[in-house]
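Worksheet: the structure to be examined is printed underneath.
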Amino acid sequence: MKKFISSIFTMLLFVQSAFAQVGDDDLSKIYQLMNDKKYPEALAAHQAFFKDSKGTSLTAVRLSFGLANWAELGKVYPPAQAALAKMAAERKNAIYAGATDFDVFHEYTSINSYLNQSDESIETFLYVEKHFPKQVQTFYPLVEDILIAQKRYDIVKKYANDAIYEFENLRHYRENSLSQLRKGQAGYTLQQINADFDRKYKVLLETTEKIGQQEEASELKRRYDAYMNGNLLRKYH
């Protein structure tokens, strides 16, 4: 028993030391723990990273690469899977109680995506729509991709943003990526930039058509053609 307690204490010291200041290399440390098959330590480190990286420059990473790797750990170490499921359940309970905000719902939908439980995210969104209608518009962007993938256009039609505005956002994102490419700061190619833009444009166009906004769809096509096939200097493409 004393040996067990000593091991737990040592593990806690490791976690506190490794994550006292969250940085870009913390996930690399977790990967190494997993490669070394130190699964309990890897889970503890994941839990510490998820907690300590909230509100930092790694906020997006914690809900993407962080959770993705945690889910991978869960495939070989069931307690990690159980820990993720518990986190999702805690956030769902908070949402159902009305004691939640955008960040909590974001964590909830992100965790569900890596547990392959996106259907639960939609179910919870519909519960919010019924019981807390003032919050539903705020939460909609977090389930929009799921709703579109499942062709729930009846719901999308009620909450979708202005299609023209969304197109201009996509165009701005592409231009920002091109700017990084011209500066030599991008980790992607022109082909990848264009493929990403085209994919998102096609989803937006199809969704706009499916929810019956034909005039907006025509305008999207016009803007896309003018933007991608217009007389822009080739070096800026």
**Prompt:** In terms of Cα to Cα distance under 21 Å, which lysines are near enough to K75, apart from those fewer than 8 places away along the same chain?
**Reply:** K29, K37, K38, K86
**Asked** Using the Cβ atoms and a cut-off under 14 Å, what net charge is assigned to the surroundings of D103, where Lys and Arg are +1 and Asp and Glu are -1?
**Response** +1
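Kirkwood-based Rg over Rh for the chain (C-alpha set), two decimals?
1.05
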**Request:** Could you point to the residue in N93, T59, I155 farthest towards the positive end of the chain's charge dipole, with +1 and -1 charges on the Cβ of Lys/Arg and Asp/Glu respectively?
**Result:** T59
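Indicate the gyration tensor shape class of segment 152-237 (rounded, prolate or oblate), computed on the Cα atoms with a ≥ b ≥ c the square roots of the eigenvalues: a/c under 1.5 is rounded; otherwise a/b larger than b/c is prolate and the rest oblate. Mind dumping the intermediate values first?
Values: a/c = 2.87, a/b = 1.91, b/c = 1.51.
Cα axes put segment 152-237 in the prolate bin.
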**Fill in**
Sequence order, segment 158-171: Karplus ³J(HN,Hα) from phi using 6.51 cos²θ - 1.76 cosθ + 1.60, θ = phi - 60°, Hz rounded, Gly and Pro as x, gives 6, 10, 4, 6, 4, 5, 5, 4, 5, 5, 5, 5, 4, 5
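Would you mind getting the accessible area per residue of segment 102-234, heavy atoms of the protein chains only, 1.4 Å probe, in Å²?
Details: 7920 Å² over 133 residues.
Dividing the accessible area of segment 102-234 by its residue count gives 60 Å².
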**Complete:** With R₀ set to 41 angstrom, the calculated FRET efficiency between the beta-carbons of V104 and D162, to the nearest 0.05, is 0.95
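222 nm [θ] for the chain, helices only, -39500 (n - 2.57) per DSSP H run of 4+, per residue, to 500?
-23500 deg cm²/dmol
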**Asked** Given Cα pairs under 8 Å that are at least 6 residues apart, what percent is the relative contact order of the chain?
**Response** 11
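Output needed for segment 93-138: three equivalent-ellipsoid semi-axes, defined as square roots of 5 times the C-alpha gyration tensor eigenvalues, in descending order, whole Å. Walk me through the intermediate numbers first.
Details: eigenvalues 59, 25, 15 Å².
Semi-axis lengths for segment 93-138 are 17, 11, 9 Å.
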**Prompt:** What lysines sit close enough to K134 to cross-link, taking a C-alpha to C-alpha distance under 16 Å and skipping anything fewer than 8 places away on the same chain?
**Reply:** K158
**Message:** Taking the alpha-carbon distance from K202 and a cut-off under 19 Å, which lysines remain once sequence neighbours fewer than 8 residues away in the same chain are dropped?
**Reply:** K151, K157, K210, K221
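The values are calculated or read from the model by the stated rules, or taken from the named source; none is laboratory data. Just so it is clear, the structure is predicted and the values come from calculations on it, not from any experiment. No Cβ is skipped: glycine too gets one built from the backbone with ideal geometry, and neighbour counts run over all protein chains shown. These accessible areas exclude ligands, DNA and RNA; they are computed on the full protein's heavy atoms, side chains included. Shrake-Rupley method; radii C 1.70, N 1.55, O 1.52, S 1.80 Å.
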